[in-house]
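Note sheet for the following structure.
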Amino acid sequence: MSNRQNSESSAPAAASGDTKNGTRTLHAMSIDVEDYFHVAALAKVIRPDQWGSLPSRVEQNTERLLALFERNDVKATFFVLGWVAEKYPQLVRKIAAGGHEVASHGYSHQLIYSQTPDVFREETVRSKALLEDIIGAEVSGYRAASYSITHKSLWALDILAECGFTWDSSIFPVRHDNYGIPGSPRAPYTIETEKGHLLREFPLTTAKIGGLSIPAAGGGYFRQFPYPVFRYLFNNASGGGSRPQMFYLHPWEIDPDQPRYNNASWFSRFRHYTNLDKCEHRLERLMQDFRFGTVSQSYDAYKPESSQPSTRLTTQQMVGLA
Ligand SMILES: [Zn+2]
């Protein structure tokens with residue numbers, strides 16, 4: 001049973017700056033559909049060959065998120081891990097039937113900069129075809145495991161374009177121990193790959209406070225910061241609502257009853273287990289404070305290529321930023 005608490009203040013929304021020409025900006029709501037044991041923070045204590053024998057909770061947690069989105073009349077983008085899609089095709093069909101956008105989270109949840117281009121291409125083709133066969137429609141969006149498109153793995157963007165993806169949401173414009181391209185754009189933009197393909201990029205949200213880039217995209221940051229702080233940072237990142245931002249969460253982040261791995265490091269346990277019991281309630285508040293849609297809906301409402309012609313970067317320019 002859930003032991004969720006609603007102990008946080010339920011004061012009315014204060015994100016009134018979130019307007020653009022009188023219309024509330026449409027931000028992107030995204031879910032990375034994976035189980036608690038796929039997470040990089042637990043990779044040192046759970047091996048991939050153990051995944052199949054662990055109690056899975058991804059289906060029930062994703063269904064709770066689907067119900068939550070329905071209650072709040074929000075459509076989201078679900079980046080589904082191929083490993084999950086293969087085991088739970090009915091879940092993928094249910095996501096699509098709910099009017100949500102289905103996108104790819106790769107197949108094996110391994111870091112791209114640790115893979116060879118050949119391995120990456122093979123699993124990208126496989127996971128895209130798997131999702132397309134299940135939903136009977138084209139899948140055009142991609143998110144890398146643990147945001148692992150960095151200056152070391154920009155080659156992956158060419159492979160994504162060659163596999164038929166038209167947009168990506170894997171680049172975090174921050175300095176972090178495992179991911180990020182510091183200095184890359186903080187609003188949607190277009191990347192011209194090394195081979196000349198164009199790929200739309202919807203980066204992960206960062207706020208700028210006193211010259212510092214502070215991640216404010218969701219996940220652990222959403223659970224660790226007090227909610228009013230997160231709301232302030234998200235609104236700051238959007239320039240008070242002048243540009244759409246990306247929010248993300250995982251199904252396991254609303255599941256305080258998942259198995260605990262007390263043999264993981266203190267820091268990994270902090271990243272993974274903090275405030276799981278508060279997360280679902282916070283997500284509901286966030287959806288009341290800001291307007292959300294799928295990644296494609298949010299991008300299309302913004303149209304950076306027509307409104308801001310300077311938001312195109314080549315991968316060479318991005319290497320220079322890192
Ligand atoms: Zn993931």
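Bear in mind these aren't lab numbers, they're just calculated from the coordinates by the rules spelled out. Everything numeric in this text was worked out from a predicted model, so none of it was measured. Every residue, glycine among them, receives a Cβ derived from its backbone with ideal geometry; neighbour counts consider all protein chains shown.
With 0.36 nm allotted per residue and the present C-alpha distance subtracted, the D177-Q60 stretch has 39.0 nm of extension available.
Projecting the Cα atoms of M246, N235, H197 onto the charge dipole of the range 182-289 (Cβ charges, centred on the Cα centre) puts N235 farthest toward the positive pole. What whole-number distance in Å separates the alpha-carbon centres of the range 102-140 and the range 153-229? A separation of 18 Å, based on Cα centres. Peptide packing for 126-135, 288-297 was compared via the average number of neighbouring C-beta atoms within 10 Å per residue; ordered from the highest value, the list is 288-297, 126-135.
Basic side chains Lys and Arg get +1 at the Cβ, acidic Asp and Glu get -1 at the Cβ, and with that the dipole of the range 168-219 about its Cα centre reaches some 180 debye.
In straight-distance terms, cross-link reach from K94 covers every one of the lysines whose alpha-carbon lies under 21 Å from its own, apart from those fewer than eight places away in the same chain; here that gives K75, K128. Computed over neighbours whose Cβ is under 14 Å from that of K208, the net charge equals +3, Lys and Arg +1, Asp and Glu -1. Annotation: for a label point projected 7 angstrom from Cα along Cα→Cβ of A129, residues of the range 157-172 with backbone N closer than 18 Å are 159-165.
Students often check this: by mean Cβ neighbours within 10 Å, which of 183-190, 33-40 ranks highest, and how do the rest follow?
Packing proxy ranking, top to bottom: 33-40, 183-190.
What net charge do the residues around Q316 carry, taking every other residue with its C-beta under 10 Å from that of Q316, with Lys and Arg at +1 and Asp and Glu at -1? Result for the neighbourhood of Q316: -2. Projecting the alpha carbon convex hull of the range 111-268 along each direction and taking the average yields 11.5 nm². With the simple spin-label model, which puts each label point 7 Å out from Cα in the Cβ direction, the F270 to K152 separation comes to 2.3 nm. Given their separation in residues at 0.36 nm each and the Cα-Cα distance between them, L212 and A301 gain 29.2 nm when the chain is fully extended.
Please state, to two decimals, what the Cα-based radius of gyration of the chain comes to when divided by 2.2 N^0.38 Å (N = residues). Working shown, then result.
Values: Rg = 18.4 Å, N = 322, 2.2 N^0.38 = 19.7 Å.
The reported ratio for this selection is 0.93.
Ranking V319, S127, I112 by Cα position along the charge dipole of the chain, where only Lys, Arg, Asp and Glu carry charges on their C-beta atoms, puts V319 farthest toward the positive end.
Charged side chains reduced to their Cβ positions (Lys and Arg at +1, Asp and Glu at -1) give the range 89-211 a dipole of some 440 debye around its Cα centre.
Here r is the Cβ-Cβ distance between K94 and E284 and R0 is 30 Å; the resulting FRET efficiency, rounded to 0.05, is 0.90.
In the chain, helical runs assigned H by DSSP with n ≥ 4 each contribute -39500 (n - 2.57); averaged across all residues and rounded to the nearest 500, the mean residue ellipticity at 222 nm is -10000 deg cm²/dmol. Magnitude of the charge dipole for the chain, about its Cα centre and with charges confined to Cβ atoms of Lys, Arg (+1) and Asp, Glu (-1), is about 900 debye. Positive-end ranking of W83, F69, H272 along the dipole of the chain, with charges on Cβ about the Cα centre, is headed by H272. Could you compute the net charge surrounding A187? Neighbours are other residues with a C-beta less than 11 Å from the C-beta of A187; K and R count +1, D and E count -1. Around A187, the charge tally is +1.
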